[in-house]
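Structure record follows, encoded as structure tokens.
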Amino acid sequence: MTFWWSEDNYGQLLQCYALQKYLRDAGHEAYLIRYNFTSDVKTPIGIKLLKALNPYLVFRHLKHRIKAKKLQEEVRCHNRGFDDFRKKYIHQSDILYTTYSQLKENPPEANCYIVGSDQVWNFSFITQVKNSAIIHAYMLDFGAEATKRMSYAASWSMNALSTKLIKEITPLLQRFSYVSVREEKGVELCKQCGYEHAEHVCDPTLLLEADVYRKLYQSEHVQKLEEKYLLLYMLNNECDFDIQKVYDFAQERGLQVVYVTGNGVLDKREKCFATIPQWLCLVDNAEYVVTNSFHCCVFSSLFGKQFGVVKLKGKHSGMNMRMESLFTQLEIEPRWLGGDFSVLDTEYKPCAGRKSQKFLEVLNATN
């Protein structure tokens, strides 16, 4: 169980691919449970009425609709081939579950359910949702009692849990045979929910060697760019950062800038809408990488690239702890991008990150 439906988030698909490949290489018949929680997001009618009567919220809604229409047009014009990647490289359930109730009524067959990685336990966005179906889905509250439940590198991406959330999660987490989380803070949050022995592990993308990813783009015959370049990869999260400085830095070094974003970044700069294999090739062969993406940092390190990280701010600032945990796991100094860009020339020793023997031991004990 993980996030899998994106059309533009390279890390989302690659973390799914990595954990599944790792499990299948270890002899397990792993497959993705295709659950999309969109239909389980229900806003109470009272809140809908309040929004309808608030001119500012009406304006914001209309602005969002206009942006969504532009986004659909962008996706239509620039197909990144994510569906093709899913079909070719990820084993999936035949059933597409669109609600938690469907998971309860017709649960996927398995000896063991695993949830993770990505922000599968980040429930901060459902504070106004009418029911807690999404919580129960990603806490694996479906299927037979005899089925083992585990998490691998599940990310809370939250600094604190409300009392209400702790009360809801605590009995669900007690059913797990093994719990691991992606951030150090997550271990503490698990303790708040009564689970004392959660393990801090590396993201599943770090379970595979760099050459495994190189084979992905080599098998697709992706051509390397002839000119030297800096890769700028930015997700559509709030940052206090002037992108022009990246272009100035690249010009000083005689480099081109290859600019890749998530969908919906509507600035007027020229962008590259890479496929997943193309994106891996771009990271692997860049002179420098500048990004605000966790997984782009992971792959920059795997490929031994000089990279700098842009801090997130505002409502997204809590996700910066993912980067801090990553720096710790990789045993490198923080690579936050300062105003002088000096970190891009700071050497570091790439490290694959810590792997969990306990995870495989518990999994291999599954009948």
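The values are calculated or read from the model by the stated rules, or taken from the named source; none is laboratory data. Nothing here was measured: the structure is a model prediction, and the numbers come from that model. Positions of Cβ are backbone-derived with ideal geometry, glycine not excepted, and every protein chain shown enters the neighbour counts. Side chains are part of the model used for accessible areas, which takes the heavy atoms of the whole protein and leaves out ligands, DNA and RNA. Shrake-Rupley method; radii C 1.70, N 1.55, O 1.52, S 1.80 Å.
Tell me, what % of the accessible area of region 174-243 is carbon and sulfur with a 1.4 angstrom probe?
Roughly 41 percent, rounded to a whole number.
For Phe241, neighbours were defined as the other residues whose beta-carbon sits under 15 Å from its Cβ, and their charges (Lys and Arg +1, Asp and Glu -1) total -1.
Relative to the 2.2 N^0.38 Å rule of thumb, region 261-338 has a C-alpha radius of gyration ratio of 1.14.
Please work out the average accessible area per residue across the chain, using the 1.4 Å probe convention, and give it in Å².
Numbers: 18000 Å² over 367 residues.
Averaged over the residues of the chain, the accessible area is 49 Å².
The equivalent ellipsoid of region 152-265 has semi-axes of 40, 21, 11 Å, largest first, where each one is the square root of 5 times an eigenvalue of the Cα gyration tensor.
Evaluate E = 1/(1 + (r/R0)^6) for Arg253 and Cys351, where r is the Cβ-Cβ distance and R0 equals 25 Å; express this FRET efficiency to the nearest 0.05. Efficiency, rounded to the nearest 0.05: 0.45. For Val257, the residues 5 or more places off, or on other chains, whose built amide H falls under 5 Å of its own are Leu230.
The slack between Gln244 and Ile332, meaning 0.36 nm per residue of separation minus the straight C-alpha distance, is 28.9 nm.
Which value in Å does the Kirkwood hydrodynamic radius of region 95-193 take, with 1/r averaged over all unlike C-alpha pairs and then inverted? The partial results should precede the final answer.
Working: mean 1/r = 0.0721 Å⁻¹.
Mean inverse Cα-Cα distance, inverted, gives 13.9 Å.
Rounded to the nearest 0.05, what FRET efficiency is calculated for Asn364 and Lys228 with R0 set to 51 Å and r the Cβ-Cβ distance? Efficiency at R0 = 51 Å is approximately 0.65. Accessible surface of region 79-124, 1.4 Å probe: 41 percent of it comes from carbon and sulfur atoms.
In a simple Cβ point-charge model (Lys, Arg +1; Asp, Glu -1; nothing else charged), the chain has a dipole of about 1260 debye relative to its Cα centre.
Among Thr163, Thr261, the order of accessible area from largest down is Thr163, Thr261, computed with a 1.4 Å probe on protein heavy atoms. Apply the a/c threshold of 1.5 to the C-alpha gyration tensor of region 191-252 and tell me whether it is rounded, prolate or oblate. Here region 191-252 falls in the oblate category.
For Phe273, the amide hydrogen comes within under 5 Å of no other amide hydrogen, counting only partners 5 or more places away or on other chains and with H modelled in the peptide plane.
Estimate the FRET efficiency between Asn106 and Glu29 by the formula 1/(1 + (r/R0)^6), using the beta-carbon distance for r and 22 Å for R0, to the nearest 0.05. Don't skip to the end; give the middle numbers.
Details: r = 19 Å, r/R0 = 0.87.
After rounding, the FRET efficiency stands at 0.70.
Put simply, when 181-190, 242-251 are sorted by average Cβ atoms within 10 angstrom per residue, most first, you get 181-190, 242-251.
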